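Asker: Below you will find the structure I want to go over with you.
The values are calculated or read from the model by the stated rules, or taken from the named source; none is laboratory data. Keep in mind the model is a prediction, meaning the values are calculated, not measured. Heads up, the Cβs are rebuilt from the backbone with ideal geometry, glycines too, and the neighbour counts pull from every protein chain shown.
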Amino acid sequence: MSDSRTAATSRAAPKVQSAVLLMLAVIAGGGAANVYYHQPLLGLLKSAFGPLAPTFVATATLLGYGLGILLLVPLGDTWPRRTLIVAQQLALAAALTVAATAPSLAVLTVASVVVGVFATTAQQAIPFAAELAAPESRGRVIGRAMTGLMLGVLLARTASGAIAHGYGWRSVFAAAACVSLVFAAFSAAVLPRTRPTAALRYPDLLASIITLVREEPVLRWATLTQGCNFAAFNAFWSSLALHLAASPFNLGPASAGMFGVVGAVGAIVAPLSGRLADRHGPRRVVICGTAIVLVSFAVLATLGRTSLIGVGVGVLVLDIGVSLAMIANQSRVYALRPEARGRLNTVYMTGAFVSGGLGAFLGTRGYAFGGWNAVSIIGAAFAACAVAAAFATPTRRPATTV
């Protein structure tokens, strides 16, 4: 790889200040929430724009997020992360405003892609936390930042469903735009200035990502594992509102969003996952997490078909498993090359969220053609692939030349 190692890779990282870590957790949660606000709204969007709206909006948002990770997150290695975070939040507010006022499905779909692109502030915040953390506590620090991300992902559905129930779906995007402006102001005030860890032109920066994929087998397998997990995760969440709106439940978007509260309990395991990865190594934690995801779909297929309690138990188990595997994998990936954490995160999260877009597409289409049984089969198949990939991931990476 053509970039040089910097002093940042050899000096001990300072202790992360509590206020900074809290701000990074809030940024991670607030950014990622924008990718999921639409999920409780799918029934309303279907009524407003037709039967294709759920598939188009769900898929466009997640694929936009993957595109943003690919094109924007690598800049964290060559630009100050605080500058990137503030700029993205301002652009995100503009895109959300367009979504709130969209007159047609075409405009809403395009706006959803742009929202996804700039919502990747979440993926600037997590490497930022890893950069500021000491090596012996990196898993714990990542876990705390990821708690914010997971809570944002899960509680976004609750907030979205409640706001839409009282004020309509457009108000959800308008409120999110205001939140992004507030976050931009606080980010500028609280986050520290940092120096870039690489000096590369943008084309060379993107080209170096290919080198990382080629030289790091742990990165490849970790990406595949989490990609399968996210595909299963989004197959479920993208179709849940449709499932609850149908017989025997006949519930609205607010009730679908309330399951985010149940899933938020699973986010509590995020710091635990980081500590376990620091203490016992990430591979065991990843295997455990992927196995739990697979178990969750057995619960959803059997109990979640006709029982709200069954859905709630399945949500809790699913989110615990995804959280365990994700944080342990991130701890492993960020340790590979400290000077390239932005690009490592690009590979890891692009794979995860492009796969998530595929899962959302297959989940909504599967529900349209085969109902909840089809969604359960799709989710279980992806989860089984994640378990296999977790076992196949090597325990150590071979030495590489740079």
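Asker: Please go through (1) crowded, with 24+ Cβ neighbours inside 10 Å; (2) part of a helix (DSSP H, G or I) for LEU84 and return the number of the only condition it doesn't satisfy.
Answerer: The failed condition is (1).
Asker: Out of (1) part of a loop (DSSP other than H, G, I, E, B); (2) at pLDDT below 90; (3) of a type in the set (Gly, Ala, Ser), the odd one out for GLY304 is which?
Answerer: (2)
Asker: With touching a Pro at 6+ places or on another chain (Cβ under 7 Å), basic (Lys, Arg) and either in a helix (DSSP H, G or I) or at negative phi (or both) as the only criterion, which of ARG365, ARG332 stands out?
Answerer: ARG332
Asker: Among the numbered criteria (1) part of a helix (DSSP H, G or I); (2) touching a Phe, Trp or Tyr at 6+ places or on another chain (Cβ under 7 Å), which single criterion is violated by PRO196?
Answerer: Of the numbered conditions (1) part of a helix (DSSP H, G or I); (2) touching a Phe, Trp or Tyr at 6+ places or on another chain (Cβ under 7 Å), the odd one out for PRO196 is (1).
Asker: Just to be sure, is LEU92 more than 19 Å from VAL26 (Cβ to Cβ), touching a residue at least 12 places away in the same chain (Cβ under 8 Å), part of a helix (DSSP H, G or I) and not hydroxyl-bearing (Ser, Thr, Tyr)?
Answerer: Working: more than 19 Å from VAL26 (Cβ to Cβ): no; touching a residue at least 12 places away in the same chain (Cβ under 8 Å): yes; part of a helix (DSSP H, G or I): yes; not hydroxyl-bearing (Ser, Thr, Tyr): yes.
Judged against the criteria, LEU92 is not a match.
Asker: Something else now. Just one of PHE353, PHE382 is at pLDDT 90 or above and among the aromatic types (Phe, Trp, Tyr); which is it?
Answerer: Selected residue: PHE382, the only one of PHE353, PHE382 that is at pLDDT 90 or above and among the aromatic types (Phe, Trp, Tyr).
Residues are listed down the side, and each one gets a yes or a no for (1) surrounded by fewer than 24 Cβ atoms within 10 Å (Cβ to Cβ); (2) small (Gly, Ala, Ser); (3) at pLDDT below 90; (4) not in a helix (DSSP H, G or I):
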| residue | (1), (2), (3), (4) |
| --- | --- |
| GLY43 | yes, yes, yes, no |
| ALA48 | yes, yes, no, no |
| VAL98 | yes, no, no, no |
| THR109 | yes, no, no, no |
| ALA130 | no, yes, yes, no |
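Asker: Related question: Collect the residues in the range 199-217 that are surrounded by 13 or more Cβ atoms within 10 Å (Cβ to Cβ) and either touching a strand residue (DSSP E or B) at 6+ places or on another chain (Cβ under 7 Å) or in a helix (DSSP H, G or I) (or both), keeping them in residue-number order.
Answerer: Residues satisfying the conditions are ASP204, LEU205, LEU206, ALA207, SER208, ILE209, THR211, LEU212, VAL213, GLU215, PRO217.
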